[in-house]
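Participant: Dropping a structure here in structure tokens format, bear with me for questions.
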Amino acid sequence: MAEECLLQAKDLSGLLLLYSSLGDAEGIEKLASLAKEHGKNNVAFLCLFMLGKVEDCIQLLVDRLIQKLQSL
């Protein structure tokens, strides 16, 4: 029930807390994708880091840096 409420509210930080507390790797994987879609890069990074996806973490940071440089 809590998961459904957090999903409907788009509370990605709450979902991160829930999934990490439960050790739900599948939920964290889905949350990483959802966070990227919504531009919540901090949540996406933490999800990827907890899953041990270092290359994806680096790519997320590089992509964000490129976006920032293009906006200058």
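What follows draws every value from the coordinates through simple rules; no lab data is involved. Values in this document were obtained by computation on a predicted structure and should not be read as measured data. A quick note on method: Cβ atoms are made from the backbone with ideal geometry, for glycine too, and the neighbour counts reach across all protein chains shown.
Participant: Looking at region 1-43, which of the residues that are among the basic types (Lys, Arg) and assigned to a loop (DSSP other than H, G, I, E, B) is surrounded by the fewest Cβ atoms within 10 Å (Cβ to Cβ)?
Facilitator: Among those residues, the one meeting the criterion is LYS10.
Participant: For region 53-67, indicate whether the set of residues that are surrounded by 12 or more Cβ atoms within 10 Å (Cβ to Cβ) and of a type in the set (Asp, Glu) is non-empty.
Facilitator: Looking through region 53-67, at least one residue is surrounded by 12 or more Cβ atoms within 10 Å (Cβ to Cβ) and of a type in the set (Asp, Glu).
Participant: Assess whether LEU69 counts as being under 22 Å from MET1 (Cα atoms), of a type in the set (A, V, I, L, M, F, W, C) and assigned to a helix (DSSP H, G or I).
Facilitator: Working: under 22 Å from MET1 (Cα atoms): no; of a type in the set (A, V, I, L, M, F, W, C): yes; assigned to a helix (DSSP H, G or I): yes.
No, not satisfied.
Participant: Also: For region 23-64, which positions are in contact with a helix residue (DSSP H, G or I) (Cβ under 9 Å, 6 or more places away or on another chain) and closer than 20 Å to MET1 by Cα?
Facilitator: Across region 23-64, the qualifying residues are ASP24, ALA25, GLU26, GLY27, ILE28, GLU29, LYS30, LEU31, LEU34.
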